[in-house]
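Student: What follows is a single structure, and I will ask about it in a moment.
The values are calculated or read from the model by the stated rules, or taken from the named source; none is laboratory data. This structure is a prediction, so every number in the text was calculated from the model and none was measured. Backbone-built Cβ (ideal geometry, glycine too); neighbour counts: all protein chains shown.
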């Protein structure tokens, strides 16, 4: 049997058991799925019950596992000790085993006497990795929610300012009076971000010739943007863009930004580069005349 010895409130906990024939000690499947019961401290009423399921049945024998959510909603509290009791029947003989683990709040979430269980959602769905902050005077306690949208704090009695932050969401700070164990849910609002502006483009075209005036294939022409069209909210890559002429000597640069400024040169003759400004309208245009080798 296996299980962690400690769990953070809001996390999942997985435990397992292997069943054996009590007469031979040989690993043997149970007659039915083993059952489990979870108890808090010495309280005689289980807070969770259920059954384990076979794990990797094709390659294992008598191997069962289960995962439970150790959340405040399921009754788990920071600082409490819990016992999992597992019972199974093998070859008509009933057997049982148990183990214990401790539940704790996340690191840095306070050391006070009160447990404050927080759930953060977007109004419907849980929000993971939301940063929750409790502030009182010069004291600040901070932690991030787990996949279930939960986090637990250990705080002393006081009135706290609660703030929550998560990229893409907003939350208006509020206050919480802590005078006992508290269970609270806070909803964040998704922030609507306007679609960014998009660059409109055109195609620059050129035909290249050799020294005898015949169209030339496999010539490299290079362009490089040096200035944008002046539209806020856009950013451009200034890497050199290279295209090679076709059998007809034609070179096409599909994606030249309307109104942007470029340098253009042939082969290795960057020293002979010329500057051109792309037209602000149209689907294609003739690239600036250049001279070079290669």
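Student: What number of residues within segment 242-261 satisfy the criterion of being outside any loop (DSSP other than H, G, I, E, B), more than 37 Å from the chain's Cα centre (by Cα) and touching a residue at least 40 places away in the same chain (Cβ under 8 Å)?
Tutor: 4
Student: A further question on this structure: Check 172, 145, 185 and return the single one that is under 16 Å from residue 123 (Cα atoms) and crowded, with 17+ Cβ neighbours inside 10 Å.
Tutor: Values: 172 fails: crowded, with 17+ Cβ neighbours inside 10 Å; 185 fails: crowded, with 17+ Cβ neighbours inside 10 Å.
Of the residues listed, the single one that is under 16 Å from residue 123 (Cα atoms) and crowded, with 17+ Cβ neighbours inside 10 Å is 145.
Student: Specify the residue that is farthest from residue 25 (Cα to Cα); the eligible residues are those in segment 69-86 that are at pLDDT 85 or above and surrounded by 20 or more Cβ atoms within 10 Å (Cβ to Cβ). Lay out the reasoning, then the answer.
Tutor: Taking segment 69-86 and keeping what is at pLDDT 85 or above, we get 69-70, 74-76, 80-86.
Narrowing the set further to residues that are surrounded by 20 or more Cβ atoms within 10 Å (Cβ to Cβ) leaves 70, 76, 82, 84, 86.
On the way: 70: 33, 76: 35, 82: 29, 84: 23, 86: 18 Å.
This residue is 76.
Student: If you scan segment 75-104, which residues turn out to be outside any strand (DSSP E or B) and without any contact (Cβ under 8 Å) to a residue 60 or more places away in the chain?
Tutor: 75, 80
Okay, residues lined up against (1) crowded, with 17+ Cβ neighbours inside 10 Å; (2) not in a strand (DSSP E or B):
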residue: 110; (1), (2): yes, yes
residue: 134; (1), (2): yes, no
residue: 161; (1), (2): no, no
residue: 165; (1), (2): no, no
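Student: Looking for something touching a helix residue (DSSP H, G or I) at 6+ places or on another chain (Cβ under 9 Å) and modelled with pLDDT of 90 or more - is there at least one such residue anywhere in segment 183-200?
Tutor: yes
Student: Any idea how many residues of segment 217-227 are surrounded by fewer than 16 Cβ atoms within 10 Å (Cβ to Cβ) and more than 23 Å from residue 293 (Cβ to Cβ)?
Tutor: Counting residues in segment 217-227 that are surrounded by fewer than 16 Cβ atoms within 10 Å (Cβ to Cβ) and more than 23 Å from residue 293 (Cβ to Cβ) gives 1.
Student: Something else about it: Could you tell me which numbered condition residue 231 fails, if it satisfies all but one of (1) surrounded by 12 or more Cβ atoms within 10 Å (Cβ to Cβ); (2) modelled with pLDDT under 90; (3) not assigned by TED's automatic domain parsing to the domain that holds residue 281?
Tutor: Here residue 231 clears every test but (3).
Student: Now, a different point. Would you tally the residues in segment 47-64 being farther than 29 Å from residue 111 by Cβ and buried (at least 17 other Cβ atoms within 10 Å of the Cβ)?
Tutor: 4
Student: Go through segment 32-46 and report how many residues are surrounded by 16 or more Cβ atoms within 10 Å (Cβ to Cβ) and more than 22 Å from residue 92 (Cα to Cα).
Tutor: 4
Student: Now for a separate question. Could you tell me whether any residue of segment 23-32 is modelled with pLDDT of 90 or more, assigned by TED's automatic domain parsing to the domain that holds residue 99 and in contact with a helix residue (DSSP H, G or I) (Cβ under 9 Å, 6 or more places away or on another chain)?
Tutor: no
Student: Sort through 201, 172, 244, 159 and tell me the only one that's in contact with a strand residue (DSSP E or B) (Cβ under 6 Å, 6 or more places away or on another chain) and farther than 22 Å from residue 290 by Cβ.
Tutor: None of the other options fit; the residue is 159.
Student: Is there a residue in segment 287-294 that is modelled with pLDDT of 90 or more, on the phi < 0 side of the Ramachandran plot and not in a loop (DSSP other than H, G, I, E, B)?
Tutor: No; the residues of segment 287-294 include none that is modelled with pLDDT of 90 or more, on the phi < 0 side of the Ramachandran plot and not in a loop (DSSP other than H, G, I, E, B).
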